[in-house]
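Asker: Dropping a structure here in structure tokens format, bear with me for questions.
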Amino acid sequence: MATSPLAWVTGAGGLIGNSLVELAPRCAPAWRVRGLRRADADLTDFATLQRLHRQDRPQLIIHCAALSRSPDCEADPELARRLNVEVTRQLAELGAGVPFVWFSTDLVFDGRQGQYTEAATPNPLSVYAETKHAAEQVVLAHPQALVIRTSLNGGTSPTGDRGFNEQMRRAWQAGQSLRLFTDEFRSPLPASATARAVWELVHSEARGIYHVAGAERLSRWEIGQLVAARCPELNPRLAAASLQEYAGAPRPPDTSLDCTKAQQRLSFPLPGLRAWLAAHPEIPF
């Protein structure tokens with residue numbers, strides 16, 4: 001019997017990477033999927049990565065690993081560039097002969113417009129967004145590249161702190177009150193829906209940039225209210241705030257995404273967060 005082709009999923013200890021691995025038996029049964037976590041491979045050690053690649057010879061690479069928290073990137077821009085750009089460049093070189101899937105972000109846009117299509121011009125405002133935009137250029141030079149721009153993803157991660165819902169829950173468990181902007185908008189999505197969409201795009205041999213995000217444009221305040229309603233036992237406390245009051249690094253006010261291009265290839269509708277939560281009351285969130 002012929003052996004199924006092997007797919008690498010980096011960042012398998014994170015939210016989306018873990019979802020891709022977990023959903024593979026149902027959504028990608030033709031693939032053997034190896035999830036790479038930090039304990040499996042130091043992606044910054046290129047010599048070791050080369051040896052592992054020669055050993056496994058993956059026929060598909062889905063690169064999820066990144067330094068994704070904006071404050072961490074602002075604090076150490078050099079590390080952000082090494083992890084988000086240079087590691088991506090190395091993996092793309094290793095996988096030059098096979099499909100290469102990589103995750104970007106809605107934050108490559110400046111947020112002045114909202115409902116961005118794939119043809120819109122990026123204008124990153126933060127270090128994190130700048131590194132993601134730079135890596136987009138690297139990945140798009142790959143002959144079989146698929147760039148997934150996504151938004152806030154929620155769900156359950158192995159470490160319990162990667163989903164936006166998990167971060168809110170942790171704050172409330174610690175007795176903190178969250179101030180959430182009423183005038184900053186995203187397109188949140190459950191990571192399970194993101195993973196399912198990515199597997200379908202892989203199967204359809206999609207190439208180039210695709211937006212995969214929630215169908216509903218929600219403010220940070222609205223998102224917080226939805227999560228709070230799922231965990232009354234934590235006595236969640238939140239207060240409305242305005243982006244106009246914020247004095248930190250620049251934040252784009254509206255990076256909602258238009259996902260029409262991806263939706264045309266998918267067998268299911270990308271859900272809005274409100275509708276998805278209502279339809280799945282049994283799933284922890």
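Computed from the coordinates by the stated procedures, all read-outs in this text should not be read as laboratory data. Since the structure is predicted, the reported quantities are computational estimates derived from the model, not experimental observations. Glycine also receives a Cβ, built like all others from the backbone with ideal geometry; neighbour counts cover every protein chain displayed.
Asker: Can you compute the modelled spin-label distance between Thr44 and Ala239, with each label point 7 Å from Cα toward Cβ, in nm?
Answerer: Calculated label separation equals 3.8 nm.
Asker: With contacts defined as alpha carbon pairs under 8 Å and 6 or more residues apart, what's the relative contact order of region 19-92 in percent?
Answerer: 24 percent
Asker: How charged is the neighbourhood of Gln90? Take every other residue with its Cβ under 12 Å from the Cβ of Gln90, and add Lys/Arg as +1 and Asp/Glu as -1.
Answerer: Net charge in that neighbourhood comes out at -2.
Asker: Still on this structure, I have one more. Given axes a ≥ b ≥ c from the Cα gyration tensor, I'd like to know whether region 20-84 is rounded (a/c under 1.5), prolate (a/b larger than b/c) or oblate.
Answerer: Oblate is the answer for region 20-84, as a/c is 1.5 or above yet b/c matches or exceeds a/b.
Asker: How long is the gain from Ala249 to Asn123 if the chain were fully straight, where each residue apart is worth 0.36 nm and the alpha carbon distance is subtracted?
Answerer: 43.9 nm
Asker: Rounded to two decimals, what is Rg over Rh for the chain when you use alpha-carbon atoms and the Kirkwood radius?
Answerer: Reported Rg/Rh (Cα atoms, Kirkwood Rh): 0.95.
Asker: While we're looking at this one, here's another question. Using a Gaussian network model of the chain whose springs link C-alpha atoms within less than 10 Å, name the residue from Phe181, Phe109, Phe46 with the highest mean-square fluctuation.
Answerer: Residue with maximal mean-square fluctuation among Phe181, Phe109, Phe46: Phe46.
Asker: Still on this structure: Run the numbers for Ile283 and Asp76: contour at 0.36 nm per residue of separation, minus the present Cα-Cα distance, in nm.
Answerer: Contour length minus the Cα-Cα distance gives 70.9 nm.
Asker: Same structure again: If I fit a long axis through the Cα atoms of helix 191-203 and take the longest principal axis of the Cα atoms of the chain, what angle between them do I get, 0 to 90°, rounded to 10?
Answerer: It is inclined by approximately 30 degrees.
Asker: For the chain, what relative contact order do you get, as a whole percent, if you take Cα pairs closer than 8 Å and at least 6 residues apart?
Answerer: 21 percent
Asker: Gaussian network model of the chain, Cα springs within a sub-10 Å range: biggest mean-square fluctuation belongs to which of Gln90, Gln115, Gln50?
Answerer: Among Gln90, Gln115, Gln50, the largest mean-square fluctuation in the Gaussian network model of the chain belongs to Gln50.
Asker: Something else now. At a threshold of 8 angstrom on Cα-Cα distance, excluding pairs fewer than six apart, so keeping six or more, what relative contact order does region 69-217 reach in percent?
Answerer: Relative contact order for region 69-217 comes out at 25 percent.
Asker: Rounded to the nearest 5, what % of the DSSP beta bridges within the chain are antiparallel ones?
Answerer: Close to 5 percent.
Asker: What is the helix-to-structure angle for 220-230, meaning the angle in degrees between its Cα long axis and the longest Cα principal axis of the chain, kept from 0 to 90 and rounded to the nearest 10?
Answerer: 90 degrees
Asker: Could you pull the Rg and Dmax for region 245-285, using just the Cα atoms, both in Å?
Answerer: 15.6, 43
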